[in-house]
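Asks: Structure below; questions to follow.
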Amino acid sequence: MTYTFEFDDGSVRAWNLTADGAESECVEYTPSLVVDGPATALESLADRLASDPKVCALGFEKRYTSLHDTKSDRSRVLRVSLERLAEVRTLADEIRGVHERECEATAPGTYRLYDVDLAPGFRYCLDEGIDPTPVRELRTLRIGIDDRSLANRSLSELRLDGEPVDAEPAELCWSLRRRLEREDPDVLVVSHGELIPFLETAATEAGLDGFHLGRLPGSTRVAGSNTYESYGQVGHSPARYRVPGRAIVDESNSFLWHQSGLEGLVYMVRRTGRPLQEAAWGSIGTLLTSRQIRLAREQDVLAPWNKWEPESFSDVKTLHAADRGGFTFAPEVGLHENVHEIDFASLYPRIICQHNVSPETVGCACCAGDDGRIRERVPELEYHICREDGFLPGVLRPLLDDRAKFKRKLREDPDEAEERRLRAKSGAIKWILVSCFGYQGYRNAKYGRIECHEAINAYAREIMLRSKHLLESAGWHIVHGIVDSLWVTPRGRDDRQTETEPEPEPDPLETVLERISCEIGIELEHDGAYEWVCFVPLQGSESGSGSGSGSGSAGRGGRRSETGAPAGALSSAPAGALTRYFGKRTSGGFKCRGIECRQRSTSAFVADCQHEFLEVLDETRDPEAVCDQLGRRLGELRRSDVDPSDLVLTKRVSQPVDAYQQRTHTVAALRRYDRHDIERHPGQTVRYIVVDDDARNPERVRLEFELEPDPDPESESDSSPTYDSDYYADRLVRAAESVTSPLGWDRTRIRRYLADGRTVQLSTFRRR
């Protein structure tokens with residue numbers, strides 16, 4: 001079965017897996033794009049393209065151009081076939097930028113283009129009806145190197161399957177070639193895509209003839225590096241390479257590899273139809289879109305190049321209701337005992353499937369009248385939903401069924417290898433399900449529609465309200481709820497009861513969950529029981545000081561979500577706001593969200609100390625005891641007893657170094673990377689320790705690898721760097737404050753306690 005491809009000058013070399021390796025075959029392939037528009041405009045375009053040397057064939061055919069069209073007749077469209085794959089995008093740009101503008105009979109936007117921006121392997125599989133899912137277990141070889149060695153063009157730190165290779169370049173390349181010949185891997189997992197040309201160049205310079213990483217000689221760069229922005233986050237996509245006969249997985253450019261490994265990738269190949277290498281570098285949104293395109297192709301619906309369906313007109317009342325987003329039950333800041341976390345299983349995807357929410361079903365034309373065909377109306381919004389099966393539920397339902405099946409098997413106590421495979425597949429599905437809701441509101445989603453996003457939110461708000469009512473009627477009190485999760489405790493006495501009356505017993509939680517699941521139609525699961533849970537106030541909020549009780553917001557990173565509502569009230573939280581909380585599970589161990597130990601920018605030392613603070617709080621329920629432990633750890637910092645490697649910070653670069661207006665740690669780190677000729681682009685991360693926070697130049701920090709001896713004897717890197725104890729002390733106090741603030745101890749009170757004859761000086765806590 002075909003699992004990887006190479007494209008070159010109108011032909012495709014397809015590699016098919018065999019029992020003991022892989023074999024290839026070359027086939028002719030003519031890619032194409034499709035154009036829709038008025039009949040006269042299409043005829044004019046066909047005449048203009050007939051003389052274009054890139055075009056090898058033109059023809060008219062009938063196809064569906066949108067999901068809405070599947071309830072009517074197909075449209076007459078123009079298919080344009082080309083000599084080479086790389087010319088598809090070129091011609092599309094020419095149609096938009098030249099032909100549409102120069103033709104007097106057409107106006108901007110006359111032509112609508114389809115099947116333009118498909119990845120090469122994915123396009124080929126769609127056109128030829130090929131399933132690229134591997135038919136046997138894949139053999140892998142991991143090749144890794146650190147940033148500094150790659151920048152210095154040194155092979156001294158090369159690793160194969162995690163093991164260092166200590167040899168001269170020529171011997172190392174010879175050893176790698178022998179291993180490739182002996183193991184014949186199907187997949188090369190590389191730490192950096194740039195390793196591909198570097199290794200081949202190193203072998204040539206070492207005089208090693210016949211060295212190649214693929215099953216045939218040669219390698220090709222298929223895409224250059226680029227920086228992008230998605231949902232407010234800057235990302236970086238490194239250059240991509242291919243080698244004949246083997247798929248490349250670039251660890252620096254594969255989210256899914258880190259989340260679910262090879263098993264998860266292979267599962268996504270099966271469900272999306274993208275070949276393994278393209279699935280590896282694809283984002284979650286890209287994989288979801290691929291699955292949608294594959295299903296649409298089966299229904300004879302084309303994939304639009306650009307989304308052009310505008311938002312429907314609505315009255316002010318509907319707009320106000322639709323723009324409310326999801327609801328959050330305002331958390332009760334403080335410590336709560338005997339807490340249970342419950343959540344709906346894949347709430348938003350199941351809303352989509354249960355209520356048939358899809359771009360073509362929400363407000364469909366066929367059910368617009370009062371003829372009794374309307375299946376249901378969306379709460380608050382009054383959008384009607386078609387009774388015919390929708391496209392989006394068809395995309396998600398198999399994924400939901402698979403994940404439910406994998407979770408059932410996990411409960412059957414499988415062996416270690418099977419458990420690893422099941423978790424990998426379940427994890428891969430999870431991210432697709434997480435993105436499917438937000439993707440409906442994404443401006444570039446090919447099959448997205450904002451009304452679907454609004455409808456899903458409206459159903460979710462209704463579900464949260466009904467769940468709240470049923471839980472409270474059964475004697476349970478909600479201390480917090482967000483997205484699809486609720487935290488509840490047994491309700492105690494109310495004001496009408498006397499102290500002599502026994503506390504009311506709530507209905508058994510499992511019975512209540514079953515009751516809600518049956519009424520709503522989506523399973524409400526018991527996710528965990530806690531001996532206690534603390535909801536943390538925002539830094540600087542009024543609830544961060546005082547008694548530690550009340551309705552202050554427990555949000556993230558200075559983003560306020562308080563609404564003035566009473567504790568437990570329903571409120572609209574900022575999109576993307578995460579609750580800050582921590583708790584002790586009855587089964588053992590802590591669960592933390594939003595606090596420092598869960599943030600990747602926190603050093604290992606501070607994260608470990610915060611875990612210690614949690615253990616002290618669990619044992620004593622006493623903030624003074626936490627502060628005593630804090631004092632001991634601060635003493636270690638002042639005495640320089642902390643290993644600098646445990647103080648490394650990780651920050652994401654958001655813009656080029658010259659674009660920064662402030663002299664931040666990130667800027668200082670970027671300047672030091674430049675000293676080592678290591679490129680760092682927006683979207684990538686920098687790792688450093690702070691050695692002098694008062695400095696305003698690159699000497700403010702040291703990079704992580706500068707903590708170790710440089711393998712290059714001629715390097716001028718600094719050795720034995722120290723660290724700024726005051727800076728890390730401030731971060732440590734912040735971590736302690738997150739633990740003690742639910743009990744009313746903010747930073748001011750911590751300072752006062754430690755300064756009152758304790759071992760810590762006030763200068764340790766100076767503000768930055």
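Taken together, the values in this text are just the output of simple stated rules run on the coordinates, not laboratory data. As the structure is a computational prediction, the values presented were derived from the model and not from experiment. Positions of Cβ are backbone-derived with ideal geometry, glycine not excepted, and every protein chain shown enters the neighbour counts.
Asks: Go through [x] 1.13; [y] 0.99; [z] 0.96 and flag the label whose value is the computed Rg/Rh (Cα atoms, Kirkwood Rh) for this structure.
Replies: [y]
Asks: Quick one: which of 386-397, 88-99, 730-741 comes out on top by average Cβ neighbours within 10 Å, and what's the full order, highest first?
Replies: Per-residue mean Cβ counts within 10 Å order the peptides as 730-741, 386-397, 88-99.
Asks: Exactly which GluC sites (Glu not before Pro) in segment 389-440 are in a DSSP loop and have at most 10 other Cβ atoms within 10 Å?
Replies: In loop regions of segment 389-440 (DSSP not H, G, I, E or B), the sparsely surrounded GluC sites (Glu not before Pro) are Glu412.
Asks: I've got another one for you. Give the peptides 108-116, 48-56 in descending order of average Cβ contacts within 10 Å, highest first. Intermediate values should be presented prior to the final figure.
Replies: On the way: 108-116: 18.3, 48-56: 13.3.
Put in order of decreasing packing, that is 108-116, 48-56.
Asks: If contacts are Cα pairs under 8 angstrom and at least 6 residues apart, what is the relative contact order of the chain in percent?
Replies: 11
Asks: May I pose another question? Pulled fully out, how much extra length does the chain show between Thr70 and Asn16, if you take 0.36 nm times their separation in residues and subtract their Cα-Cα distance?
Replies: Result: 15.9 nm gained on full extension.
Asks: Magnitude of the Cβ-charge dipole of segment 411-496, K/R +1 and D/E -1, about the Cα centre, nearest 20 debye?
Replies: That gives a dipole near 340 debye.
Asks: Continuing with the same structure: So if we plug the beta-carbon distance of Ala151 and Glu183 into 1/(1 + (r/R0)^6) with R0 = 35 Å, what FRET efficiency do we get, rounded to 0.05?
Replies: 0.75
Asks: Just to confirm my numbers, what's the Cα centroid distance between segment 29-70 and segment 71-94 in Å?
Replies: First find each Cα centre; the distance between them is then 5 Å.
Asks: Using only helices, what value at 222 nm comes out for the chain when you add -39,500 (n - 2.57) per DSSP H run of length 4 or more and divide by the total residues, to the nearest 500 deg cm²/dmol?
Replies: -11000 deg cm²/dmol
Asks: Follow-up question, since we're still on this one. Please compute the length gained on full extension between Asp47 and Glu462, using 0.36 nm multiplied by the number of residues separating them and subtracting their Cα-Cα distance.
Replies: 143.8 nm
Asks: Using label points projected 7 Å from each Cα along Cα→Cβ, tell me how many nm separate Glu510 and Lys651, to one decimal.
Replies: 5.1
Asks: I'd like the distance separating the alpha-carbon centroids of segment 148-190 and segment 675-696, in whole Å.
Replies: Taking the Cα centre of each part, segment 148-190 and segment 675-696 sit 28 Å apart.
Asks: Same structure again: Please compute the modelled spin-label separation between Val27 and Ala604, points set 7 Å along Cα→Cβ, answer in nm with one decimal.
Replies: Roughly 5.0 nm, to one decimal.
Asks: Also, I was wondering about something else. I'd like to compare 243-252, 511-520, 193-202: which one has the highest average count of other Cβ atoms within 10 Å, and what's the full order after that?
Replies: Values: 243-252: 22.1, 511-520: 16.3, 193-202: 20.1.
The packing order, highest mean first, is 243-252, 193-202, 511-520.
Asks: Tell me the trypsin sites (Lys or Arg not before Pro) within segment 153-207 that lie in a loop according to DSSP and have at most 16 other beta-carbon atoms within 10 Å. Let's see the in-between values first.
Replies: On the way: sites: Arg153, Arg159, Arg177, Arg178, Arg179, Arg182; in loops: Arg153.
Filter output for segment 153-207: Arg153.
Asks: Another question, then. Estimate the FRET efficiency between Asp300 and Ser640 by the formula 1/(1 + (r/R0)^6), using the beta-carbon distance for r and 56 Å for R0, to the nearest 0.05.
Replies: 0.20
Asks: So for the pair Asp756, Glu519, with labels modelled 7 Å out along Cα→Cβ, what separation do we get in nm?
Replies: Modelled inter-label distance: 4.9 nm.
Asks: Using only Cα atoms, locate the centre of segment 372-440 and the centre of segment 263-315, then give the distance between them in Å, rounded to an integer.
Replies: 15
Asks: Using a Förster distance of 51 Å, how high is the FRET efficiency between Gln259 and Arg696, based on the Cβ-Cβ distance and rounded to 0.05?
Replies: On the way: r = 39 Å, r/R0 = 0.76.
Result of the calculation: an efficiency of 0.85.
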